[in-house]
Amino acid sequence: MKILLIAATPEEILPTIEWLRETAIESKRNILAFPACTVELLLTGMGPMTTAFALGQSLQPPLPQLTIQAGLAGALDRSLPLGTVVQVISERLLDQGAEDIDGKLLPPPALGFPFGAPFDPDGVLHVPVSGPPLPFPSVAAGTATKASGNQESIERTRQQFPDVQIETMEGAAFFFAIRSLGIPGLQLRAISNYVERRNRAAWQIGPAIINLNEALRKVLSPFVLATA
């Protein structure tokens, strides 16, 4: 079985990378071999553009049987405690379209360009949950090319996309790729901050990284520790 593990930066999944390298029976650069599977590490860089390019380069035959994207995220939904690990089940683009004179986003359909597959008519990318249930809250995410830090723009996002619970910078590119290719995928995010007026002092990156990597280890262990 081939598994592709994806992150924007090495820091987000460094404990998992170290654990995988220590556990592997063989490693060659970014490909780690285990008795029952191989895990390929893909560090894409931050943002949807670099993620799309990296996935386009990596997702070549033979395709992986499972893809996992992991990283940090900001929460619009304040019922999600900082440090919580969530499973993303839908993504949308938060800044695709045109800006109207009042600052509101005009999505592509308003400009005469309907969303095409794998988007639904509302511009949402859904990824079916497969396999055994995981012990993480399921959330709807939105991908932005910049992390929100201005209260006015945050309120516009809340009003225009009330379903969006967390903000990512790479998730939509990942979901678009795996939906287009028909590959099973899982996106895990740990909440490092709330989407609010920029306040780095309130961020909890350290605990979020710890929790994210504990979750990754739980997800990967049945594959990595399995015997051939």
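Every read-out reported here was derived from the displayed coordinates using simple, explicitly stated rules and does not represent laboratory data. Values in this document were obtained by computation on a predicted structure and should not be read as measured data. Please note: Cβ atoms are built from the backbone with ideal geometry, for glycine as well, and neighbour counts cover all protein chains shown.
Just a few scattered comments:
- Our coupling estimate for the range 180-196, obtained by passing each phi through the Karplus curve with A = 6.51, B = -1.76, C = 1.60 and θ = phi - 60°, is 5, 9, x, 9, x, x, 9, 10, 10, 10, 10, 7, 9, 6, 8, 7, 8 Hz, Gly and Pro reported as x.
- The range 1-51: trypsin sites (Lys or Arg not before Pro) in DSSP coil with no more than 10 other Cβ atoms inside 10 Å: Arg29
- Debye, to nearest 20: dipole size of the chain, +1 on Lys, Arg Cβ, -1 on Asp, Glu Cβ: 420 debye
- Projected label points at Ser27 and His126, each 7 Å from Cα along the beta carbon direction, are separated by 4.0 nanometres.
- Extension gain for Lys218-Met1 works out to 76.4 nm (0.36 nm per residue, less the C-alpha to C-alpha distance).
- Taking Val139, Val129, Val224 and counting other C-beta atoms within 10 Å, the order from fewest to most: Val129, Val224, Val139
- Across the range 216-227, rounded Karplus estimates of 3J(HN,Hα) from the backbone phi angles (6.51 cos²θ - 1.76 cosθ + 1.60, θ = phi - 60°) give 4, 4, 4, 5, 7, 3, x, 8, 5, 9, 5, 8 Hz, Gly and Pro being marked x.
- Here the Karplus relation 6.51 cos²θ - 1.76 cosθ + 1.60, evaluated at θ = phi - 60°, turns the backbone of the range 170-175 into coupling constants of 9, x, 5, 4, 5, 5 Hz, with x for every Gly and Pro.
- Mean-square fluctuations from a GNM of the chain, with a 10 angstrom spring cutoff on Cα atoms, peak among Arg158, Arg92, Arg179 at Arg158.
- Structure remark: mean-square fluctuation, Gaussian network model of the chain, C-alpha springs under 10 Å; the largest value among Gly142, Gly112, Gly171 belongs to Gly112.
- For the chain, relative contact order (Cα pairs under 8 Å, six or more residues apart, normalised by length) works out to 30 percent.
- Normalised by 2.2 N^0.38 Å, where N counts its residues, the alpha-carbon radius of gyration of the chain equals 1.02.
- Helix 151-160 and the longest principal axis of the Cα set of the chain meet at an angle near 90°.
- Tensor-based shape of the range 127-227 (alpha-carbon gyration tensor, a/c under 1.5 rounded, otherwise prolate or oblate): oblate
- Pairwise label distance in nanometres, Glu11 with Glu196, each label 7 Å out on the Cα-Cβ vector: 2.2 nm
- Residues whose amide H lies under 5 Å from that of Thr143, counting only those 5 or more places away or on a different chain, are Arg92, Leu93, Leu94, Thr168, Ala172; hydrogens are built 1.01 Å from N in the peptide plane.
- Other residues lying with their Cβ under 14 Å from the Cβ of Gly45 contribute a combined charge of -3, Lys and Arg counting +1, Asp and Glu -1.
- Relative contact order [Cα under 8 Å, 6+ residues apart], the range 122-226, whole percent: 27 percent
- Springs join every pair of Cα atoms under 10 Å in this Gaussian network model of the chain, and among Phe34, Phe113, Phe161 the largest mean-square fluctuation is at Phe113.
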